[in-house]
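**Student:** Once you've had a glance at the structure underneath, I'll fire off some questions.
Only the coordinates and a few stated rules stand behind these numbers; no lab work does. Since the structure is predicted, the reported quantities are computational estimates derived from the model, not experimental observations. Virtual Cβ from ideal backbone geometry, glycine too; neighbours counted across all protein chains shown.
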Amino acid sequence: MRNWNVYLSGEIHTDWREQIEAGVKAANLPVTFSAPVTHHEASDDCGVSILGAEPDKFWHDHKGAQVNAIRTRTLLADADVVVVRFGEKYKQWNAAFDAGYASALGKSLIVMHGPEHQHPLKEVDAAALAVVETPDQIVRILDYVINGNLAGYTG
C-alpha cells in the first residue's frame with residue numbers, strides 16, 4: 001500500500017496535530033506527517049542563532065524566515081496532502097502563505113478553522129478541496145481518500 005505524506009501547517013498553540021496523528025494511528029492509515037518547526041522561539045531565532053546576530057529586528061526575522069523556508073518549501077513540495085490550521089487567537093499569516101503556496105504547487109489542500117474565520121478566509125477556503133472544523137474530520141477524510149472507508153457505508 002502507498003504511503004501518504006501529509007504536511008500539517010499553521011497554528012502552534014493547541015494539540016490539533018497530535019489529535020490528527022492519534023486518529024490516523026488508530027485507523028492504521030499509511031501516513032507520514034511533517035510540519036514546520038513548532039517551537040515558536042526556535043523558529044523565530046534560527047537565522048540569527050545559526051548565521052549571526054542582527055541589530056535590526058527586520059533582518060533578525062528575515063534570516064529566520066529564510067532558514068525556515070528551506071524546510072517549508074521542501075516538505076510542502078513532498079506532500080501529497082497539505083492541512084492548514086487557522087486558530088482562533090492569532091492571525092497566522094504564515095499559514096495563509098503556506099496555503100497559497102500549496103495551492104500554487106497543485107497540492108491537495110485541506111483548511112481547518114472555526115466559523116469565525118469563514119469570511120476572512122473565503123479566498124483560502126475557495127482554493128481548498130475541503131474545509132473542516134475538527135481534527136476528526138481530517139482523519140475521516142484521510143481514511144476515505146486512502147481506503148475508501150466511509151462510516152455507515154459498505155460495499
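**Student:** Could you list which residues have their amide H under 5 Å from that of LEU105, counting only those 5 or more apart in sequence or on another chain, with H placed in the peptide plane?
**Tutor:** Under 5 Å from the amide H of LEU105 lies no amide H from a residue far enough along the sequence or on another chain.
**Student:** Given the stretch 35-111 reduced to its alpha-carbon atoms as identical point scatterers, what log10 I(q)/I(0) does the Debye formula return at q = 0.14, 0.15, 0.18 Å⁻¹?
**Tutor:** At q = 0.14, 0.15, 0.18 Å⁻¹ the computed log10 ratios are -0.50, -0.57, -0.78.
**Student:** May I ask for the Rg/Rh ratio of the chain, computed from Cα atoms with Rh as the Kirkwood radius, given to two decimals?
**Tutor:** Looking at the chain, the ratio lands at 1.01.
**Student:** Now for a separate question. Which of the chymotrypsin sites (Phe, Trp or Tyr not before Pro) found in the stretch 65-131 are loop residues per DSSP with 14 or fewer other Cβ atoms within 10 Å of their Cβ?
**Tutor:** Sparse-neighbourhood loop chymotrypsin sites (Phe, Trp or Tyr not before Pro): TYR90.
**Student:** From the helices alone, meaning DSSP H stretches of at least four residues, give me the mean residue ellipticity at 222 nm for the chain, per-run term -39500 (n - 2.57), in deg cm²/dmol to the nearest 500.
**Tutor:** Calculated mean residue ellipticity at 222 nm is -15500 deg cm²/dmol.
**Student:** Treating cross-link reach as a plain straight distance, find the aspartates and glutamates whose alpha-carbon is under 14 Å from the alpha-carbon of LYS91, omitting any fewer than eight places away in the same chain.
**Tutor:** Straight-distance partners of LYS91: GLU11, GLU116.
**Student:** Using Cα springs under 10 Å in a Gaussian network model of the chain, which residue among ASP56, ASP80, ASP143 shows the largest mean-square fluctuation?
**Tutor:** With Cα springs under 10 Å in the chain, the top fluctuation among ASP56, ASP80, ASP143 is at ASP56.
**Student:** Could you tell me how many degrees, from 0 to 90 and to the nearest 10, lie between the Cα long axis of helix 93-104 and the main elongation axis, the longest principal axis, of the Cα atoms of the chain?
**Tutor:** The angle comes out near 60 degrees.
**Student:** Considering only GLY23, GLY106, GLY87, give the residue with the highest GNM mean-square fluctuation for the chain, with springs between Cα atoms whenever their separation is below 10 Å.
**Tutor:** Evaluated over the chain, the most mobile residue of the options is GLY106.
**Student:** Treating only the Cβ atoms of Lys and Arg (+1) and Asp and Glu (-1) as charged, compute the dipole magnitude of the stretch 1-101 about its Cα centre; round to the nearest 20 debye.
**Tutor:** 280
**Student:** Moving on. Between helix 16-26 and the chain, what is the angle of the helix's C-alpha long axis to the longest principal axis, kept within 0 to 90° and rounded to the nearest 10?
**Tutor:** In the chain, helix 16-26 runs at an angle near 40 degrees to the longest axis.
**Student:** Between VAL24, VAL145, VAL67, which gets the highest mean-square fluctuation from a Gaussian network model of the chain, Cα cutoff 10 Å?
**Tutor:** VAL145
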